[in-house]
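Report on the structure given below.
Laboratory data are not the source of any read-out in this text; all were calculated from the coordinates shown. Being a predicted model, the structure only gives us computed values, none of them experimental. Positions of Cβ are generated from backbone atoms using ideal geometry, with glycine treated the same way; all protein chains shown enter the neighbour counts.
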Amino acid sequence: MASYAHGVPSYAHDFPFDPAYGHTLDDLLGVPAPPAPDDFEDFWRARHAAAREVATEPELGPVEEERDGVRIHGVTYTSVGGVRLGGWLALPAEGPAGHGFVIGHGYGGRQEPGPDVPPPLPGSAAILPCVRGMGSRGLWAGIPDEAAAHVLHGIVSRDTYVIGDCVADLWCAASALRELVPELAEEGAPRLGLLGESFGGGLGALALPWDDRFGAAQLTVPTFGNHPLRLTLPCAGSGESVRAYRREHPEVTGVLRYFDAATAAARVELPTLVAAARFDPSVPPPGQFAVYNALGGVRELQVLSAGHFAYDGLAEEKEELRANRTRFFGEHLGR
């Protein structure tokens with residue numbers, strides 16, 4: 001159970017830093033997004049346009065599992081640079097899909113569909129891609145599969161940084177989903193939902209402003225928010241690798257400006273539910289809240305006691321988030 005001193009939560013832990021970073025909830029709700037580079041929007045719109053031109057050529061594998069009203073298939077598709085990726089596709093066991101979701105994963109990838117299936121709304125289809133370098137079906141020669149190294153891959157330039165290509169992997173997953181489930185691309189069909197947690201939440205925030213195929217999103221403990229602040233905060237996650245790299249290569253701050261999830265969130269106009277933690281050793285909470293604070297459209301916040309950390313009440317908060325997610329998408333995706 002958390003204890004509080006002057007409004008700052010604390011749990012018993014062995015980290016050599018404070019995973020609440022001395023922030024009260026009021027402090028967190030005041031963390032801003034950093035300003036964007038002048039060509040931020042041009043950069044991302046060009047990346048999105050290139051991804052939309054990719055012939056994803058999705059291939060559906062046999063049913064691997066059936067549960068809770070969905071059949072889960074293996075799936076492969078092509079993303080930017082000719083990279084062939086894998087993942088899973090969940091389809092309704094009966095009838096056409098009424099909604100579609102793209103579901104990202106955390107750093108470390110996805111080894112199986114896990115609790116992200118079934119999707120938030122009954123009768124929905126969902127694609128669960130493994131982005132390049134990550135998870136059992138995203139491995140790619142030359143891209144590290146370990147988070148601390150993956151987050152530095154290609155970081156010398158905004159044009160080669162792997163995070164940009166991982167965002168494109170989500171856009172191409174959306175293309176593959178709509179090709180495999182054509183009713184989702186029909187005129188009058190609801191727009192897609194996007195879900196992402198941690199690494200996937202940061203990628204989601206970067207992906208959303210430029211793609212009108214998405215109609216609502218839910219981001220849990222999103223990373224990559226407010227890089228200038230993150231670089232000052234020790235952590236146990238991938239951000240620590242970036243902090244160490246920046247000490248030897250201060251010029252990397254110019255690259256990171258293009259991959260700031262809070263900067264991108266300021267351009268997100270679709271309804272977005274954010275679950276942000278007050279105590280998190282892997283993704284500093286100020287960065288998570290910066291993403292929520294910056295959102296430009298309808299937004300909703302669920303405050304979590306902690307993220308990337310086991311605590312009393314975790315199961316109850318997860319169940320509350322599941323219920324909120326279902327309600328939120330039901331309200332904002334429509335039919």
>> Restricting to the stretch 179-222, and then to whatever is in a strand (DSSP E or B) and of a type in the set (A, V, I, L, M, F, W, C), can you tell me which residue is nearest to Asp116 (Cα to Cα)?
In response: Leu195
> Taking into account only those residues within the stretch 136-153 that are free of Cβ contacts under 8 Å to residues at least 40 places away in the same chain and touching a Leu at 6+ places or on another chain (Cβ under 9 Å), which is nearest to Leu184 (Cα to Cα)?
Replying inline: Asp145
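Could we say that Gly296 is in contact (Cβ under 8 Å) with a residue 40 or more places away in the chain and either assigned to a helix (DSSP H, G or I) or touching a helix residue (DSSP H, G or I) at 6+ places or on another chain (Cβ under 9 Å) (or both) here? It would help to see each step written out before you state the result.
Values: in contact (Cβ under 8 Å) with a residue 40 or more places away in the chain: no; either assigned to a helix (DSSP H, G or I) or touching a helix residue (DSSP H, G or I) at 6+ places or on another chain (Cβ under 9 Å) (or both): yes.
Criteria not met by Gly296.
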> How do the strands (runs of 3 or more DSSP E) wholly within the stretch 1-95 filter down when requiring 3 or more residues that are under 25 Å from the mean Cα position of the chain (by Cα), over 18 Å from Leu304 (Cα atoms) and charged (D, E, K, R): which remain?
Replying inline: 59-67
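Going by what's in this entry, would Leu314 be described as of a type outside the set (Phe, Trp, Tyr) and either under 18 Å from the mean Cα position of the chain (by Cα) or at positive phi (or both)?
Working: of a type outside the set (Phe, Trp, Tyr): yes; either under 18 Å from the mean Cα position of the chain (by Cα) or at positive phi (or both): no.
In short, no.
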> If the Cβ limit is 6 Å and pairs must be 6+ apart or interchain, which residue in the stretch 94-107 that is more than 13 Å from Gly138 (Cβ to Cβ) pairs with which residue that is part of a loop (DSSP other than H, G, I, E, B) and of a type outside the set (Val, Ile, Thr)?
Replying inline: Gly98/Gly123; His99/Leu121; His99/Pro190; Phe101/Pro119
> Which residue out of Ala294, Ala323 is farther than 21 Å from Ile103 by Cβ, hydrophobic (A, V, I, L, M, F, W, C) and more than 15 Å from the chain's Cα centre (by Cα)?
Replying inline: Ala294
>> Checking the conditions here, which among Thr253, Thr263 is closer than 13 Å to Leu206 by Cα, of a type in the set (S, T, N, Q) and in contact (Cβ under 8 Å) with a residue 24 or more places away in the chain?
In response: Thr263
> Does the stretch 38-58 contain any residue that is buried (at least 20 other Cβ atoms within 10 Å of the Cβ), among the hydrophobic types (A, V, I, L, M, F, W, C) and out of contact with any Ser or Thr (no Cβ under 8 Å at 6 or more places or on another chain)?
Replying inline: yes
>> Exactly one of these conditions fails for Gly114: (1) among the small types (Gly, Ala, Ser); (2) more than 21 Å from Leu184 (Cβ to Cβ); (3) in contact with a helix residue (DSSP H, G or I) (Cβ under 7 Å, 6 or more places away or on another chain). Give me its number.
In response: (3)
